[in-house]
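Asker: Supplied in structure tokens, the structure appears directly below.
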Amino acid sequence: MKLFISFLVSVLLLTGASAGAQVVPSATGRQVSITAGGMASIFQPDYMGGWNNGVFAQASNQPLFGVGTYVDVRLRRWVQFEAEGRWSRFNALVGITEDNYLIGPRLPVYHFRKTTVYGKALGGISRMDFGSIYYGVYGRYLDITFGGGMDVKLTNKISLRAADVEYHYWPSWENSTLKPYGASVGVSYKIF
């Protein structure tokens, strides 16, 4: 019996000693962060005005330039969202412009040192002003967007959006579909 009691006491002492030796984290990192930025864009608008046999839009050969803003919200490593607004109104062929208002999930695909490569799938509304072809006429359309890019952290608060490419799909554009695509660059500031 004495052997059993001394064995039990030894096990309890060892268990208590190892439990007390566990390291408690000295600090935890903040998971939630919000970053806001601005960007400049170049897009192929996929419409140059007029209709091809009254059925399909004709693709534009003149790029459309624009400015925009974006907000990235990070709740956890794999739970992130992006919202963006873009106003493509410069270099407009016959006054045709496009504005986009999108939101959706953002997925960090690869992280290396200060660089993060990401993918995103956004949805929202886009507005097209038909310019001098149909003066004062515009339309709002469903916009489904797939894209990705690369952010490079310059300081603790400032990041460079070195590249951001997007493919837009407007499934119910007039009597057809529209597929604009383009690229953006920008700078962002981490609010918290």
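Asker: Mind counting the residues in the range 141-192 that are hydrophobic (A, V, I, L, M, F, W, C) and farther than 27 Å from GLN31 by Cα?
Answerer: So the answer is 6.
Asker: Within the range 79-138, work out how many residues are over 28 Å from LEU160 (Cα atoms), touching a Phe, Trp or Tyr at 6+ places or on another chain (Cβ under 7 Å) and without any contact (Cβ under 8 Å) to a residue 24 or more places away in the chain.
Answerer: So the answer is 2.
Asker: Let me ask something else. Among the candidates PHE90, PHE112, single out the residue that is closer than 24 Å to PRO63 by Cα, aromatic (Phe, Trp, Tyr) and exposed (fewer than 15 other Cβ atoms within 10 Å of the Cβ).
Answerer: PHE90
Asker: Return the total of residues in the range 151-192 being touching a residue at least 40 places away in the same chain (Cβ under 8 Å), under 17 Å from ARG113 (Cβ atoms) and of a type in the set (S, T, N, Q).
Answerer: 1
Computed from the coordinates by the stated procedures, all read-outs in this text should not be read as laboratory data. Owing to the predicted nature of the structure, the values given are computational and were not obtained by experimental measurement. Positions of Cβ are generated from backbone atoms using ideal geometry, with glycine treated the same way; all protein chains shown enter the neighbour counts.
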